[in-house]
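Notes for the one structure printed next.
The values are calculated or read from the model by the stated rules, or taken from the named source; none is laboratory data. Just so it is clear, the model here is predicted, and its values are computed rather than measured. In this analysis, Cβ positions are derived from the backbone assuming ideal geometry, glycine residues included, and neighbour counts consider all displayed protein chains. Side chains included, ligands, DNA and RNA excluded: accessible areas come from the protein's heavy atoms. Shrake-Rupley method; radii C 1.70, N 1.55, O 1.52, S 1.80 Å.
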Amino acid sequence: MPYNFELIEAKWQRYWDDHGTFVTMEDPGKPKAFILDMFPYPSGAGLHVGHPEGYTATDILSRFKRMKGFNVLHPIGWDAFGLPAERYAMQTNIHPRITTIQNINTFRRQIKMLGLSYDWTREIDTTDPNYYKWTQWIFLQVYNSWFDLRVQKARPIAELEEELGRHGTKNLFGIEHLAPEQWKSLSKKEQHDFLADFRLAYIAEVPVNWCEALGTVLANEEVGEWTEKGYTVERRPLRQWMMRITAYAERFLEDGKTLDWPASTLDQQTNWIGRSEGAEITFSLSGRSETIIVFTTRPDTVFGATYMVLAPEHPLVSLITTPDKKKLVDEYAEKTKKKSDLERGTESVKTGVFTGGYAVNPATKKTIPIWIADYVLMGYGTGAIMAVPGHDERDYEFAKSFNIPIVEVVQGGDVKKAAYVGDGVGMNSSNDEVSLNGLKTAEATNVIVNWLEEKHIGTRTVRYKLRDWLFSRQRYWGEPIPIIHLDDGTMRALSEDELPLILPELKRFQPSGTTESPLALAEDWINVVDAETGLNGRRETNTMPQWAGSCWYYLRYLDPKNDREFCSPEKERFWMPIDLYVGGSEHTVLHLLYARFWHKVLYDLGYLSTVEPFERLRHQGVILGEDGSKMSKSRGNVVNPDDVVKKYGADAMRLFEMFLGPLEEMKPWNTRGVEGVYRFLNRVWRLYADEEGRLDPAVKESPLTLELERVYHATVKKVGEDIESLRFNTAISQMMIFVNELTKAEVRPRQILEPFVLVLSPFAPHLAEELWQILGHTHSLAHEPFPKHDESKIQQSTIEIVLQVNGKVRSKLHVARDTSEKDLEGLSLSDESVRKHVGDKKIMKTIVVKNKLVNLVVR
RNA sequence: GCCAAAGUGGCGGAAUUGGUAGACGCGCUGGACUCAAAAUCCAGUGGAGCUUAAACUCCGUGAGGGUUCGAGUCCCUCCUUUGGUACCA
C-alpha cells in the first residue's frame, strides 16, 4: 500500500503553521543566509509548473542552511501591480484590487500546498499602501538627488543648491558659467527649472510606444506581447518621467565584475549597456558658423570620411538644407517619422537624401556633402556621423548606391569589393600637421585623437547604448507618483509625512480618452490647493511601471512591518547582501538592472551598506511540455501543479522537478518520471514503516557492513555538497543509491536510517517529518543538525585498477588502496590479458596513476 | 549578421585536475507473486561481430582535423539547437 501523502502533507503543513517553524530567527551568534526567489506576479491562471522549480530549489537550500545552523531569511510576496488586472477591470469593471486579492489567495494556497518553508509573517504585497508608501518614498529620494560626476555618485539635490549659492557652477563640468549672485537672482521658477535638469528623476519629451486601445504607453519589452494579441502600437512623442539610469553605466560594468552571476547574464547586461570608446569630432560647415559634432569609434579613419549623414530628426537639418532640396528632405523626414524603429532596422536597402549642404573634413580640409538617412539614429551618439565608406559596411553600401567616392585609408582589405572594418595599417592619411600612414590602428587612433584635442576639434569620449529609463505609465493600477504640478509651473514633491499617496477609488477603469491615465478622471483627487504655498495644483496622473515595486522588495522583507523607515539600518547590515537569488532569465536586463540602479542610489545616499544587492544569481530553466515544446493552452500540454500534487503528493512533485535535470537547463516534463520518484518515496516509506504506519521492528541498531557504512557516509557527503552547489538531480540519485542498497541489505540499521531521514528532509520534508516522528521524535526536524560524514569511512580499502595497453582497457584488478606504483606496474606486467596484448612487442613507456590505472605503451 | 550557452543510449540525464563513458531514473525484455490484472520484488538492457555457452574482438559522446601514453573533457574548422540582440557609428 502506498504511503498516505495526502494525510501526511496536510498534517505537517498545519504543524509548521501552528508552531511557526519557519519564522525567521535573528541570532547574532549565528551566520546568516538570505535566500530569495523572484516574487511572482499573481496572474489569474495560478501557478504553473515552472514556478515550483525555482521555489523548490531555494526551499531545499533554505532548509539545509537551517539545519547547518544558519539564520535563514526565506520570504515570499506578490508583485501585484500590473496591466493584466487593469485590463480585466476595463472589461468587467471589477476593481483590480478584488481580482488581485483573489489571485494572491490562489497563489498562496498553491505555494503552501508545496510545503515551501517561507516565513509567512514577512509576506509583502506591492499594492498594499503600507508597502507602496516606501516605493513612493524611494522615488522621492531619486527625485531629490543629482548625480555628481566629480565623485561619480548620487547626492541630495539640496547639496547642489548649497553649492550653487556658494560657488555657482564654477566647479561643475560642462555647464555655462553661473556666478553665485546670478544663481541667487534667479526667480523661484528659474531655479526650479535649473535644478530639474540635474535630478535623477526628471520629465522629458520622448518618443514612446503608445497603445490607443489600452490608453497607455508600453515599455519596449511589453510591445511584442500586445501586438501579438492584435493591438496596434505607435511611436508618439510624449512628456514622460525618466530616470537617469545612464549615470550608473560605468558602475554597473565595474561592480558587475565581482558578482557570482551566470556569465551569459552579465554578458547580456554588458551588451545592453553597450559601452564604446571613441571620439567626438567637430566638423565645420561650408559657409556657416554652426558645426556638426559626430561620434566615432574609429577616429583613425577620419581621412576617409567622404560625406556626412545626419539623422532625419537632427535639429540642424532644416538649417543646412538648401531651398532646392527642401521638398525632398521634408518628404524623407516625414516618411521616416512614420516608420517604427523595427521597420527602420529591418529594411535592408539604404535610403537617404542629399541636403544640399556641405561640411569640411577637418583632416583633409576637403568639402564633403551632407546627407540625411534613416540608418543614422537620433538616439545614439550625437545623431550625426562622419561616413567612411571604405571602412564601414553601412557607409559602404550607402556610398555604392549614391555614387559617393570611397577612399581606402586602412590597409588590410580590398575596398573595391567590400568595406574593410578590421584593424590594419594607415594609408592615404596625412596632412601638413599629422600623418597616420604606416601606423597600426591603435597607434593611429592615439595620434589622431591627440591632434584633434590639440586643435580643439575633437575629444576622447565614451558612449553607452543604454538609455534613460522611461518611468511613467498611463495606468490606474500602479503606484501614484507623489508630485504636484503647481500653477506657477513648478513641481512640488510630497514630503514624507504626506505618504502614502493612496490611489483614488474609481467607478470605471476605461482609458481617459486622452494621453493621461484613468486617474485624470478622479477630479476630487487630482485638484489640490497646496498647503505650503497656497497655490492651486494638479496631482501627477501618471503612475509608476510594474518594475518599481520589484526594484526594492528584497529590502522590505528585512523589516516588513516598520512604519518609520523602509527598513532599519541594523537589519539591513545584518541580512544584506542576498546570498542566493533565483528567478527566470527573462529578467536578465530589465528587473535586474533597474533594481541595481535603485540599490546604488540608496547606497550613495547612505541608506545601504552594500554596493550590489544580488551576490549570487541563478536562473531556473524553462520546463517544457511533455511533447518537448513550450507549454501553452493552445497546445494542450500544460501541466497543472494542483493535479500533480493531488495524484502523487507535494514531496513527489518537489523531488521530480529537482530530479528532472540541472536547475538552469531547459527540460521537458515527463509524467512517467513523476511516477519514478513517487516509487522511490514509497520505497523509503517501506524501509521504515510497517503496514499500519508504525516503525517496522526490523529498524534497530544492528551491525553495519563496511559497504553500508560507506554508502551512508558517501550519501551524506554528496547530498550536502550537491545542495550547496544546487546540483539537486545528482543529490537525489545518490539518495536513490542509498535506498537501493538498504532495500537489498535486509538489515535495517537504525544508526544510519535515522540520520538519513534528515538528509532526505530538505527534498521531501513532509515524508521526512512523518518518519522522524515514527522514529520516536516529538519535535519537527527542521532545526536538527544536518548529519556529518566521516571521510575515512568513504574510502574503500580495495580499489579497482584499470590496466591499459596503448590506452585501451585490457584488464581490471582489485588491489589494496595506495598500492605503490612499482607494485602496480609489476601486477600489470604479470596480468594474463595484458601479456596477451603486449605479445612480443616492446614496451616503450609505462604510465602509472596511483589508485587509478596502469597504461603500457607498446610498439 | 553579432554575442552567449549547449549537442552523450529508445528518453531525461551522470561522469574532480584529461584517466573504466552511459551513474540514477524512465521505457523496454524476461522472471517471481496472482485465477488474472494492478502494485511490488528479482534479473537483463549502447551498437555490431563471433560463439552451444563462457569468453573475446571491434565501433561508439553532432561532423572533420589536431595535441596527448590516454580526449565526452583541451585546441582549430564546420554543422545543428536554444537564449539574447539587431543599421549603436
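Tabulated values for the structure
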| quantity | calculated |
| --- | --- |
| Heavy atoms of A:Ser284: accessible area, 1.4 Å probe, square angstrom to 10 | 50 |
| Long-range HN-HN contacts of A:Thr461 with modeled amide H, under 5 Å | A:Gly278, A:Ala279, A:Glu280 |
| Heavy-atom surface of region A:276-463, accessible at 1.4 Å and reported per residue (Å²) | 49 |
| Table column - 3J(HN,Hα) (Hz), region A:452-463, Karplus curve with 6.51, -1.76, 1.60, x for Gly and Pro | 4, 5, 4, 7, 6, 10, x, 9, 4, 9, 10, 10 |
| Rg in Å to one decimal, and Dmax rounded to a whole Å, for region A:796-858 via C-alpha atoms | 10.8, 36 |
| Ranked order, A:Leu829, A:Leu617 - accessible area, probe 1.4 Å, largest first | A:Leu829, A:Leu617 |
| At R0 = 22 Å, FRET efficiency that the Cβ-Cβ distance of A:Lys112 and A:Ser629 yields, to 0.05 | 0.10 |
| Hull shadow area, averaged, region A:686-772 [alpha-carbon convex hull, nm²] | 5.3 |
| Two-site FRET efficiency, A:Ser187 against A:Asp128, from Cβ-Cβ distance with R₀ of 56 Å, rounded to 0.05 | 0.85 |
| Of A:Lys325/A:Lys400; A:Lys112/A:Lys718; A:Lys112/A:Lys646; A:Lys365/A:Lys417, pairs whose Cα-Cα distance is over 24 Å | A:Lys112/A:Lys718; A:Lys365/A:Lys417 |
| Probe 1.4 Å, protein heavy atoms only - accessible area per residue of region A:757-812 in square angstrom | 44 |
| Charge dipole of region A:94-193 about the Cα centre (unit charges at C-beta), most positive-ward option of A:Phe147, A:Trp134, A:Pro180 | A:Trp134 |
| Sulfur and carbon atoms: percent of accessible area, region A:276-463 [1.4 Å] | 53 |
| Accessible area (Å², 1.4 Å probe, nearest 10) - A:Glu615 | 80 |
| Å² per residue, accessible surface of region A:34-175 at 1.4 Å | 32 |
| Principal axis box of chain A, alpha-carbon based, largest edge first, Å | 101, 86, 56 |
| Relative packing of A:542-555, A:436-449, A:633-646, which averages over residues the other C-beta atoms within 10 Å, highest first | A:542-555, A:436-449, A:633-646 |
| Length gained when the stretch A:Lys700-A:Val528 is fully extended (0.36 nm per residue, less Cα-Cα span) | 54.2 nm |
| Rounded percent of accessible protein surface that carbon and sulfur make up, region A:641-793, 1.4 Å probe | 53 |
| Sequence of A:Leu7, A:Leu687 from largest to smallest accessible area, 1.4 Å probe | A:Leu7, A:Leu687 |
| Candidate residues A:Arg251, A:Arg239: accessible-area rank, largest first, probe 1.4 Å | A:Arg239, A:Arg251 |
| Size of electric dipole in chain A: Cβ of Lys, Arg +1 and of Asp, Glu -1, about Cα centre, debye, nearest 20 | 2240 |
| Beta bridges by DSSP in chain A, antiparallel share as percent, to the nearest 5 | 75 |
| Projected-area mean, region A:720-833, by convex hull of Cα positions, square nanometres | 10.5 |
| Heavy atoms of A:Arg236 accessible to a 1.4 Å probe, total area in Å² rounded to 10 | 70 |
